[in-house]
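A.B. asks: Below you will find the structure I want to go over with you.
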Amino acid sequence: MAEKDKKAFVLRISPALLKEVETWAADEFRSTNGQIEFLLTQAIKSRKKGKAKEE
């Protein structure tokens, strides 16, 4: 997705969970936003694979 096509939105998240994501992002040399996007992308791919196996 091109940078100009990205949609900004507010995410409400607990401080503890945010800290964990920030730490994980730093460990993998990503921004916090980049880490959240990466995790969501992986979750979607995994979900799609699971649905394909069911069919």
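Where a number appears in this text, it was derived from the coordinates with a stated rule and is not lab data. It should be emphasised that the depicted structure is a prediction, and the values quoted were computed from it without experimental measurement. Cβ: placed from backbone, ideal geometry, glycine included. Neighbour counts: every protein chain shown.
A.B. asks: Filter region 25-49 down to the residues that are closer than 18 Å to K7 by Cβ and exposed (fewer than 13 other Cβ atoms within 10 Å of the Cβ) and list them by number. Reasoning before the result, please.
C.D. replies: Filtering region 25-49 down to residues closer than 18 Å to K7 by Cβ leaves 31-41, 43-44.
Once the filter is applied, which keeps residues that are closer than 18 Å to K7 by Cβ and exposed (fewer than 13 other Cβ atoms within 10 Å of the Cβ), region 25-49 yields S31, G34, L40, T41, A43, I44.
A.B. asks: Further question on the same structure: Under the condition of being part of a helix (DSSP H, G or I) and in contact (Cβ under 8 Å) with a residue 12 or more places away in the chain, which residue from region 1-21 is surrounded by the most Cβ atoms within 10 Å (Cβ to Cβ)?
C.D. replies: Filtering region 1-21 down to residues part of a helix (DSSP H, G or I) leaves 3-5, 15-21.
Right, trim to in contact (Cβ under 8 Å) with a residue 12 or more places away in the chain and you get 18, 21.
Working: L18: 13, V21: 17.
Top of the filtered list is V21.
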